[in-house]
1. Within the range 87-156, list the GluC sites (Glu not before Pro) lying in a DSSP loop whose Cβ has at most 10 other Cβ atoms in a 10 Å radius.
2. Any chance you could run the full-extension gain for Leu152 through Thr61? It's 0.36 nm times the residue separation minus the Cα-Cα distance, nm to one decimal.
3. For n ≥ 4 DSSP H runs only, could you compute -39500 (n - 2.57) per run for the chain, divide by its residues and tell me the 222 nm figure to the nearest 500?
4. Between Ile28 and Val8, how many nm apart are label points set 7 Å from Cα along the C-beta direction?
5. Quick one: if the Förster radius is 25 Å, what FRET efficiency do Thr119 and Ser94 give, using the C-beta to C-beta distance and rounding to 0.05?
6. Report the gain in length on full extension from Ile20 to Trp79: 0.36 nm times residue separation, minus Cα-Cα distance, nm rounded to one decimal.
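Read the figures in this text as sums done on the coordinates, not as results from a lab. What you see is a predicted model; the values in this text were computed from it and never measured. Heads up, the Cβs are rebuilt from the backbone with ideal geometry, glycines too, and the neighbour counts pull from every protein chain shown.
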Amino acid sequence: MITGIVLVVTIISIIGCIKIKKPAVRGILGCLVVINIMIVVLAGSFTYVTRYKIHDVAYSTSQDGKYVLLFQQVGDPDWPFGHTHARLILKDESGTIAKYSFDVANDGANVHSDSWQVTWQDTCVEAVISGEEQNDCQYILYYNGKKDSNPLETQSSL
């Protein structure tokens, strides 16, 4: 909402700079345009980092080297003390096989390499994800692209 208003004011200011011939007014409108552009860039950068930036946390490679499982955090944890958004990506040499997005209740902290345990099977890979405020959860990504999850009764101490 605020970004939209700043963008409209910037466009109007640019048009004013072009149409108005008085140097003082053009200077003021030019300064307003520069300040508004800086606000939009700062707000956009903040939004990207907190909501969309991918942080590689850890990865695991299958015993035969054919598959790689990536553990990634998406953005920053919800403020304050909220969920951490994460995902698992199963890849082979031809590209991505499966993605599984989920939230981790981790008291507003980032996930780290100690937050997961990986077990490679003949037909799938199993990842158990732990969080400080949740029971462990098992995510299963099959080599054919299917996905599954199972809540567990255990809670790992991080």
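1. For GluC sites (Glu not before Pro) across the range 87-156 that sit outside H, G, I, E and B with at most 10 neighbouring Cβ atoms in 10 Å, the list reads Glu93, Glu153.
2. Residue separation times 0.36 nm, minus the Cα-Cα distance, leaves 30.4 nm.
3. -9500 deg cm²/dmol
4. About 2.1 nm separates the two model spin labels.
5. After rounding to 0.05, the efficiency reads 0.60.
6. This chain segment gains 16.7 nm when fully extended.
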